[in-house]
Amino acid sequence: MPQNQTDVSKFLLLGFSEDPELQPILFGLFLSMYLITVAGNLLIILAVTSHSALHTPMYFFVSSLSVTDIGFISITVPKILVNIQTQSNSITYVGCLTQVSSFYFFGCLDSMFLAVMAYDRFVAICYPLHYMVIMNPHRCGLLVLVTFVMSFLDSLLNFSMFSQLSFCRDVKILRFFCDPPLLINLACSDTSINAILVYSSGALFGGVPVSGILLSYARIVSSILKVSSSSGKCKAFSTCGSHLSIVCLFYGTGLGVYFSSNVSSSARKDVVASVMYTMVTPLLNPFIYSLRNRDMKRALGILFSRAAKS
């Protein structure tokens, strides 16, 4: 007989090997990834806030994305580290629901910020003379506020819906975090409404931003092709390179997680795909922006030189 969710005090996260010899290696690997991700994104934020040349709409959104990436990786890795250190693979019911709602919140933020950044590049390239008028501080702040509010409402709605699910005892999740689609499959109660909600949320906060990104870049490419000089074309494309790299990384790994779940029955492949999506993407974002961007490298150089002098 199904048990009410109040009878379930914890879930078991079985995403990684329980081999004692592998635990120190996994702990060191994930701790390193977490520290590098947090440090890298904090450096991006510090560079943008401290260097006046980066006080532009584009870098304002870059720093907002860095804040989101720190939150996104913090959903999962600290809990993994605690579980490895305590030799436990459990997570409380409340902790699991918190992970689910946080996953939706930061996932939506990431997706919508990428769309906002695509719009920013569209305005910069297609309407360069009116860029600072269109992307004024009031509008930039409004875009960030709307993004946060919509992501919070989606997170709150999903938290409410998932809290209504009933689970049987000994719920085993073949992931290292409470993955929402897996939770739906493991529930003992009717999940039809939750499934509709998950797909609707994915269409709204995944499909709509992707459509906006594709539309923006279609207009961008059309405008760039009209530029007569090859140097002008290269300069225009270079301003979009970092953003396009992150878009491909974020959506590519995200789609890989769910396609691998549906096509492959290998739990290990699903875990690897999830690691790429939840950890590797936030880890690489600061490197992509710092290594491919001359202004960012200059700002980071100034930041390091100031730190060395002090």
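The values are calculated or read from the model by the stated rules, or taken from the named source; none is laboratory data. Note that the coordinates shown come from a computational prediction; the quantities given were computed from them, not determined experimentally. We place every Cβ from the backbone using ideal geometry, glycine too, and count neighbours over all the protein chains shown. To get the accessible areas, we keep the full protein, side chains included, count just its heavy atoms, and leave off ligands, DNA and RNA. Shrake-Rupley method; radii C 1.70, N 1.55, O 1.52, S 1.80 Å.
Spin-label pair T49-L129: with each label point 7 Å from Cα along the Cα-Cβ axis, the two points sit 3.8 nm from one another. Ordered from highest to lowest accessible area with the whole protein assembly present and a 1.4 Å probe, L42, L26 read as L42, L26. The tail of the calculated P(r) for the range 64-109, taken as Cα-Cα distances beyond 12 Å, holds 64 percent of the pairs. Extension gain for L142-A203 works out to 19.7 nm (0.36 nm per residue, less the C-alpha to C-alpha distance). When H51, H243, H130 are compared by accessible area of protein heavy atoms, the largest-first order is H130, H51, H243, using a 1.4 Å probe. For the peptides 134-142, 274-282, the ranking by mean Cβ contacts within 10 Å, running from highest to lowest, is 274-282, 134-142. Between the listed residues L303, V116, V280, the Cα displaced farthest toward the positive end of the dipole of the chain, a dipole computed from Cβ unit charges relative to the Cα centre, is found at L303. What's the angle, to the nearest 10 degrees (0 to 90), between helix 23-50's Cα axis and the longest principal axis of the chain? Tilt of helix 23-50: around 30 degrees. Sorting 31-41, 190-200 by average packing, meaning the other beta carbons within 10 Å per residue, from highest down gives 31-41, 190-200.
Between C234 and I302, the modelled label-to-label distance comes to 2.6 nm, taking each label 7 Å out from Cα in the direction of the beta carbon.
Projected label points at L12 and F287, each 7 Å from Cα along the beta carbon direction, are separated by 3.6 nanometres. Over the C-alpha trace of the range 18-104, radius of gyration and Dmax come out as 16.4, 51 angstrom. Could you list, bin by bin from short to long, the percent of Cα-Cα pairs of the chain in 10 Å steps? Per 10 Å bin, starting at zero, the Cα-Cα P(r) for the chain comes out as 6, 24, 32, 22, 12, 4, 0, 0 percent.
Helix 77-86 and the longest principal axis of the C-alpha atoms of the chain enclose an angle of approximately 40°.
At a Förster radius of 35 Å, what calculated FRET efficiency corresponds to the Cβ-Cβ distance of F159 and Q23, to the nearest 0.05? So the FRET efficiency works out to roughly 0.65. Against the chain, whose longest principal axis is taken from its Cα atoms, helix 192-202 shows a tilt of about 20°. Taking all Cα pairs closer than 8 Å and separated by 6 or more residues, the relative contact order of the chain comes to 30 percent. Shown here for the range 183-252: trypsin sites (Lys or Arg not before Pro) in loop regions (DSSP other than H, G, I, E, B) with at most 11 other Cβ atoms within 10 Å, namely K226.
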